[in-house]
Each structure stands twice: as structure tokens, then as C-alpha cells.
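Each remark here refers to the structure printed beneath this line.
The values are calculated or read from the model by the stated rules, or taken from the named source; none is laboratory data. Because the structure is predicted, anything quoted here is derived from the model rather than measured. In this analysis, Cβ positions are derived from the backbone assuming ideal geometry, glycine residues included, and neighbour counts consider all displayed protein chains.
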Amino acid sequence: MTPEFERRLATLVDREEIFDLARRERFARDLQDFETMRDCFHADAYIRSSWFAGGYADEYVEATRERMKKSATSRHWVFPADLKIVGDRATLESPATIFDRIKLEGVDVDFYVFCRFFSRVVRREGVWRLLSFEVIFEKDVLACVNPEQALPINWDRLANYRPSYRFLGYIQESRGHTVSHDLYGDDRQDSLLAFYARERQWLQQQGVEADRHVEGGPPIEENIQEQPRSATGEFT
């Protein structure tokens, strides 16, 4: 084999391992295979979704375990797409759909969240694992299972929520849960572009000591608004 062929082959192996990692983590979550889910993250991984932010991998997995004791019906379809690898670091962005069937004020509804999952991925001791997990929201959809029924929604109140995760925010807060209004979404390009710039900068760094920091900026935890770590809701 030529050096160029070996390089391309190694890149393909890395790509497949990272794509498989992204799919396996969400599939394990949906099947409540929490040890497999845990093994997909580095211990110091940072996670943020609509209901969780600010913790390490063990904390996130255990919070997910407790949450799914109350509701375990939501599912995730993940399609790994945009991968950038530099040495032992990578960033991965994956279009995704989160979906569930729930009862809202006595009415059966299907709920869909269209989003992208973004992760820092780091290879340590020869193994790729997730170092972060962020959700970038695109839009969400709520529809009655019976089309002859009307959605039990206060449309005036719904208008107060961001279009990228409007129904998600409405449903969660209707149930007494807090949802940050400052999550990443396509409807706020300024903050999203700044996030992408930080991730590109991080990708060019090397060394475990810098894994959770961006050169010239604060740690990733300080780049976002903190949410309650133990918040409980129906959706990721």
C-alpha cells in the first residue's frame, strides 16, 4: 500500500468509528443501556440539552436514568454528517430528529424536534469518545394523532417562545420545568456563529490539558447560561 492509501484508509476508519459512536450513544440512551451510553463519553464530557447542562458524563447518565423512570418513550434518529478531524481531536455535527407521542391536556399528540447534535470528540489511549454534546435547534412540530381534534394550545402564550424550539418550551414549562431561552438555534445566528468559531479554534489545539478550554476564551462551561442540572422533562 502507498502512504497516501494508508492515510486515506486511516481517515475512513476514524470516520466510521466516530459516526458509529454518535449513533450508538443515542441508541443506547433510547434502549436504557446506560453503561454503553456512559462508555461513549469521556468522564469530563460537557453536556447541554433542553433539560440538562453543566455536568460530567456520570452525572448526565444518572440524571437520564432517573428521568426515564418517569417517561421512556421519546426516541432519537441521528444522521452523522459533518466531521472534521485534526490529530486526536474532531468535531461532529449530526442532523437529528427527536420524537414522542404524548398526552397534552387529554389529547394524544405526536411531537417532533428537528435539530443537530454537535460534539467535540477526542481520542485518548486509542479510543474515540465524546467530550461534549450540544443541541442546535431548528424547529419543532406538534400534531394531533386524531386530525379531527384541535391542539390544546394557548396560541398567544406560544408566541412568546423561540421558533426553533417553540412547542418544546411550551410543553416543558406547562409541566413546571424550566427551559433556557438561550439555547443554540438557527433562529439566533450571531450566537451560533460564535459557537462554531470557538469550536474551530478548539479543534486546532492539542493536548489533554486544553481539552475543555478555548484558546483566549473562558472554559466551555462559562460560554453558556447555566441550567438546573436536575431538571426533569420529557425530551432531550
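Residues of the stretch 88-103 that are modelled with pLDDT of 95 or more and either among the small types (G, A, S) or farther than 16 Å from L192 by Cβ (or both): D88, R89, A90, L92, S94, A96, T97, I98, F99, D100, R101. Screening D58 with (1) in contact with a strand residue (DSSP E or B) (Cβ under 9 Å, 6 or more places away or on another chain); (2) surrounded by fewer than 19 Cβ atoms within 10 Å (Cβ to Cβ); (3) in contact (Cβ under 8 Å) with a residue 40 or more places away in the chain; (4) not in a strand (DSSP E or B) gives one miss only, at (3). Within the set V179, V145, the sole residue that is at pLDDT 95 or above and β-branched (V, I, T) turns out to be V145. Please specify each residue of the stretch 73-91 satisfying the condition of being surrounded by fewer than 19 Cβ atoms within 10 Å (Cβ to Cβ) and assigned to a strand (DSSP E or B). Answer for the stretch 73-91, where residues must be surrounded by fewer than 19 Cβ atoms within 10 Å (Cβ to Cβ) and assigned to a strand (DSSP E or B): R75, W77, D82, L83, K84, I85, V86. If you check M1, M68 for being over 18 Å from the mean Cα position of the chain (by Cα) and either crowded, with 16+ Cβ neighbours inside 10 Å or farther than 30 Å from A150 by Cβ (or both), only one passes: M1.
What do you reckon, is A63 surrounded by fewer than 18 Cβ atoms within 10 Å (Cβ to Cβ) and either among the aliphatic types (A, V, I, L, M) or assigned to a helix (DSSP H, G or I) (or both)? No, not satisfied. The selection criterion, being without any contact (Cβ under 8 Å) to a residue 12 or more places away in the chain and surrounded by fewer than 20 Cβ atoms within 10 Å (Cβ to Cβ), holds for E173. Put simply, of E6, E16, E25, E35 the only residue that is among the acidic types (D, E), at pLDDT 95 or above and exposed (fewer than 11 other Cβ atoms within 10 Å of the Cβ) is E35.
For the stretch 20-51, the set of residues classified as under 17 Å from R65 (Cβ atoms), among the hydrophobic types (A, V, I, L, M, F, W, C) and not in a loop (DSSP other than H, G, I, E, B) consists of F27, A28, F34, M37, F41, A43, A45, I47, listed by residue number.
In the stretch 198-234, the residue that is modelled with the lowest pLDDT out of those that are of a type in the set (A, V, I, L, M) and within 27 Å of G169 (Cα to Cα) is I224.
Taking the listed residues E138, E148, the one that is in a loop (DSSP other than H, G, I, E, B) and farther than 23 Å from T36 by Cβ is E148, with no other qualifying.
Quick one: which residue in R101, R166 is surrounded by fewer than 13 Cβ atoms within 10 Å (Cβ to Cβ) and not in a loop (DSSP other than H, G, I, E, B)? R101 is the lone residue from the list that is surrounded by fewer than 13 Cβ atoms within 10 Å (Cβ to Cβ) and not in a loop (DSSP other than H, G, I, E, B). State yes or no: is V109 touching a Leu at 6+ places or on another chain (Cβ under 6 Å) and either surrounded by fewer than 17 Cβ atoms within 10 Å (Cβ to Cβ) or not in a loop (DSSP other than H, G, I, E, B) (or both)? Against the criterion (touching a Leu at 6+ places or on another chain (Cβ under 6 Å) and either surrounded by fewer than 17 Cβ atoms within 10 Å (Cβ to Cβ) or not in a loop (DSSP other than H, G, I, E, B) (or both)), V109 qualifies. Look at (1) under 30 Å from V13 (Cα atoms); (2) within 16 Å of the chain's Cα centre (by Cα) and you find that F52 fails only one, number (1).
Of everything in the stretch 112-140 that is over 14 Å from the mean Cα position of the chain (by Cα) and among the aliphatic types (A, V, I, L, M), the residue that is surrounded by the most Cβ atoms within 10 Å (Cβ to Cβ) is V122. Just one of (1) out of contact with any Asp or Glu (no Cβ under 7 Å at 6 or more places or on another chain); (2) under 30 Å from A90 (Cβ atoms) fails for V122. It is (1). Filtering the stretch 65-82 to residues that are in contact with a Lys or Arg (Cβ under 6 Å, 6 or more places away or on another chain) and touching a residue at least 60 places away in the same chain (Cβ under 8 Å) leaves only H76.
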